[in-house]
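Structure record follows, encoded as structure tokens.
The values are calculated or read from the model by the stated rules, or taken from the named source; none is laboratory data. Just so it is clear, the structure is predicted and the values come from calculations on it, not from any experiment. Positions of Cβ are generated from backbone atoms using ideal geometry, with glycine treated the same way; all protein chains shown enter the neighbour counts.
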Ligand SMILES: Nc1ncnc2c1ncn2[C@@H]1O[C@H](COP(=O)(O)OP(=O)(O)OP(=O)(O)O)[C@@H](O)[C@H]1O
Ligand SMILES: [Mg+2]
């Protein structure tokens, strides 16, 4: 039987407010919904509330008022014991990376697959392929403390996409890499998007916003405005991203 929730928006905010303890109202009356397979940038000045908005979507914060549905489920009705299952459907690239210091690059990226119980031979194949894609073959056995900001950021991205999540939330994912790598990462995200992943990417990178022509959730002093895509998205994008993430292999980068 068809799941009655399958056509529900992936994310649905209804009159959501967020206020940190002893702070001002950071998000005010936020209302929007994101359909499955959509791709939005989150834009706005530093301090506008982008990270706060994402933190509500990955269940790190609870709204002070209003209602949030994720995958058709009202978050205020989700039990604590059900949270990990919901979180496993969401890939997150944190602005501050949040890698596990006691794990090397390979094990940080493999973590979501191990939690999912994937066979170790398949994990080896996928992780190595993805690490090569983001140019980290030489850092496979390095620990986070010995890596640069850009390397750590790419590990955080690999970990977030390795299990092709239903929803990908990326907070300033290209802030520490050069333009060519930023472009490459966006193409990886596009491949996931083509396979059905809903994308929400907070960025200050106006070059990417101009190039990828996606609608924006624009925040200004905690107030959200939904801006449409500037014009039609580019036609078929071909990429040699890892095949398990939907890549086809005839693209010269
Ligand atoms: N844990 C917290 N406790 C109290 N205030 C917070 C907390 N996190 C963020 N804020 C405040 O909320 C506001 C929005 O912060 P947020 O990190 O969401 O902005 P941002 O748009 O992501 O900024 P940036 O572009 O610099 O990353 C800021 O004024 C910030 O100081
Ligand atoms: Mg932020």
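Quick rundown of the values:
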item: Near pairs, Cβ below 8 angstrom, 6+ apart or cross-chain, from segment 48-72 (under 17 Å from residue 96 (Cα atoms) and free of Cβ contacts under 8 Å to residues at least 24 places away in the same chain) to any residue that is outside any strand (DSSP E or B) and within 16 Å of ligand 2 (Cβ to nearest atom); result: 55/61
item: Search result, residues across segment 27-45 that are at negative phi and over 19 Å from the mean Cα position of the chain (by Cα); result: 27, 28, 30, 31, 45
item: Test set (1) crowded, with 22+ Cβ neighbours inside 10 Å; (2) under 28 Å from residue 8 (Cβ atoms) - residue 156 fails condition number; result: (2)
item: Segment 191-207, subset surrounded by fewer than 21 Cβ atoms within 10 Å (Cβ to Cβ) and in contact (Cβ under 8 Å) with a residue 60 or more places away in the chain, residue nearest to ligand 2 (Cβ to nearest atom); result: 204
item: Any hit, segment 95-107, residues being modelled with pLDDT of 95 or more and in a strand (DSSP E or B); result: no
item: Count - residues of segment 37-51 that are within 12 Å of residue 217 (Cβ to Cβ) and either assigned to a loop (DSSP other than H, G, I, E, B) or out of contact with any helix residue (DSSP H, G or I) (no Cβ under 9 Å at 6 or more places or on another chain) (or both); result: 6
item: Evaluation of residue 173 against (1) in contact (Cβ under 8 Å) with a residue 40 or more places away in the chain; (2) surrounded by fewer than 22 Cβ atoms within 10 Å (Cβ to Cβ); (3) part of a loop (DSSP other than H, G, I, E, B) (one fails), failing number; result: (2)
item: Residue ID - modelled with the highest pLDDT, chosen from residues in segment 216-239 that are surrounded by 16 or more Cβ atoms within 10 Å (Cβ to Cβ) and part of a loop (DSSP other than H, G, I, E, B); result: 222
item: Among the candidates 18, 86, 54, 59, residue that is within 30 Å of residue 129 (Cβ to Cβ), within 16 Å of ligand 1 (Cβ to nearest atom) and outside any loop (DSSP other than H, G, I, E, B); result: 54
item: Some residue of segment 22-36 being more than 13 Å from ligand 2 (Cβ to nearest atom), in a loop (DSSP other than H, G, I, E, B) and touching a strand residue (DSSP E or B) at 6+ places or on another chain (Cβ under 8 Å); result: yes
